[in-house]
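The values are calculated or read from the model by the stated rules, or taken from the named source; none is laboratory data. Computed from a predicted structure; not experimentally measured. Ideal geometry is used to build each Cβ from the backbone, glycine not excepted, and the neighbour counts take in all protein chains shown.
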Amino acid sequence: MMDNAYYDDMYIEPLMVDPVTTELLICNDAPILLPPYSMGHLRAALYQPEEEEPEPNSIAAEENAIRVYPNPASELLQVEHIPANGRFSMVNTEGKEVITRQGMQGNEQISISHLPAGAYIVTIYEQTAVVYRTTVVVQ
């Protein structure tokens with residue numbers, strides 16, 4: 001059993017959806033399907049969501065003020081506030097790294113005119129840590 005599970009008793013007053021299915025909505029509006037005419041007590045394992053780590057985008061926006069623009073782009077991608085000795089990586093939808101630059105710092109321009117149109121994941125690293133990640137559309 002998962003560490004974040006606990007048990008709770010709840011009283012059910014079902015909403016009859018049709019003669020075959022009873023639907024009960026709880027907490028996050030996730031439906032629970034019950035047999036018809038189920039009334040009384042239900043003992044259920046409930047799960048509390050695990051605390052999530054902040055997204056790299058929010059870390060970057062707050063601490064490093066990294067910006068990648070314009071988006072969508074066609075010729076050049078402007079990257080601002082790259083950490084010292086940063087690494088820039090651009091990956092296509094097939095997972096292939098199409099552009100990588102080592103030793104970047106400050107503000108840089110990246111030529112993307114040779115790339116086919118599509119969506120790309122841009123990741124900026126400081127040493128081995130991801131400090132920024134976003135999706136860029138190339139037109």
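Brief remarks follow.
- Residue within region 81-100 that is touching an Asp or Glu at 6+ places or on another chain (Cβ under 9 Å), of a type outside the set (S, T, N, Q), at pLDDT below 90 and loosely packed, with under 12 Cβ neighbours inside 10 Å present: yes
- Qualifying residue in region 46-65 (condition: closer than 15 Å to Val136 by Cβ, modelled with pLDDT of 80 or more and in a loop (DSSP other than H, G, I, E, B)): no
- Total residues in region 93-138, condition closer than 19 Å to Ser74 by Cα, aliphatic (A, V, I, L, M) and part of a strand (DSSP E or B): 9
- The C-beta contact set for region 116-139 (first residue assigned by TED's automatic domain parsing to the domain that holds Ala84 and of a type in the set (Gly, Ala, Ser), second residue surrounded by 14 or more Cβ atoms within 10 Å (Cβ to Cβ) and part of a loop (DSSP other than H, G, I, E, B), distance under 9 angstrom, 6+ apart or interchain) comprises Gly118/Asn92; Ala119/Asn92.
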